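Chemist: My questions will all concern the structure given below.
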Amino acid sequence: MAAAAFLLVACNSTPIEQSYPESAPGDKNRVRKSDDPQSATLLGSGGGLDILGGSNKSRNEGGTGVGVNSYLWRASLDTVSFMPLSSADPFGGVIITEWFAPPETPDERFKMNIYILGRELRADGLRVSVFRQNRCGDDCWNASAVAPDTAINLENQILTRARQLRIATANR
């Protein structure tokens, strides 16, 4: 069946010519992205496929440029900026820090994993895991318990910073 279709197309004697208009960089006939959000969707203002990034939701929720909420992403990076990063994936929403020993307590160290779970700025869109170790020798570290409210307090700090970033963006 596929071979027969190929032969029929190959036997067509009509020349196929496609021409595309040449346009200079300042030409007004040049194809360009529209700034109108209604024309940016395939089916108009009633919804549909967003083909040019014109969705108001992504603008209102700070979701442009990264796969997760950009306010939560930036707030998370701001909050853990004192710690060295091991990995940061803005599309998956995962931030992993290296072990960090505060100068005032060099015999204990901390590590954090931050997971941003969605594109909305919501309290349940963020999870923080904190790990703690105490020194037991020169190159020996033992896992220690972390206070139960530590992760919750960090989540609250990140959410507060994200709200500040959103308000600052809205006031521009």
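Please treat every number below as a calculation from the coordinates, not as lab data. Everything numeric in this text was worked out from a predicted model, so none of it was measured. Cβ coordinates were reconstructed from backbone atoms using ideal geometry, including for glycine residues, and neighbour counts include every protein chain displayed.
Chemist: Between PHE131 and ARG163, what FRET efficiency follows from the Cβ-Cβ distance if R0 is 35 Å, with the result rounded to 0.05?
Modeler: That gives a FRET efficiency of 0.85.
Chemist: Among ASN113, TRP73, SER86, pick out the residue whose Cα is farthest towards the positive end of the charge dipole of segment 59-170, where Lys and Arg carry +1 and Asp and Glu carry -1 on C-beta, about the Cα centre.
Modeler: Positive-end residue among those listed: TRP73.
Chemist: Where nothing but the Cβ of Lys and Arg (+1) and of Asp and Glu (-1) is charged, how large is the charge dipole of segment 59-170 around its Cα centre, in debye to the nearest 20?
Modeler: About 520 debye.
Chemist: Let me ask you something else. What full-extension length gain, to one decimal in nm, is calculated for LEU77 and TRP141 as 0.36 nm per residue of separation minus the Cα-Cα distance?
Modeler: On the way: separation 64, 0.36 × 64 = 23.04 nm, distance 2.64 nm.
Here the answer is 20.4 nm.
Chemist: In segment 59-170, if every C-alpha pair distance is counted and binned at 5 Å from zero, what percent goes to each bin?
Modeler: Going from the shortest bin to the longest, the percentages are 2, 12, 21, 22, 17, 11, 7, 5, 2, 1, 0.
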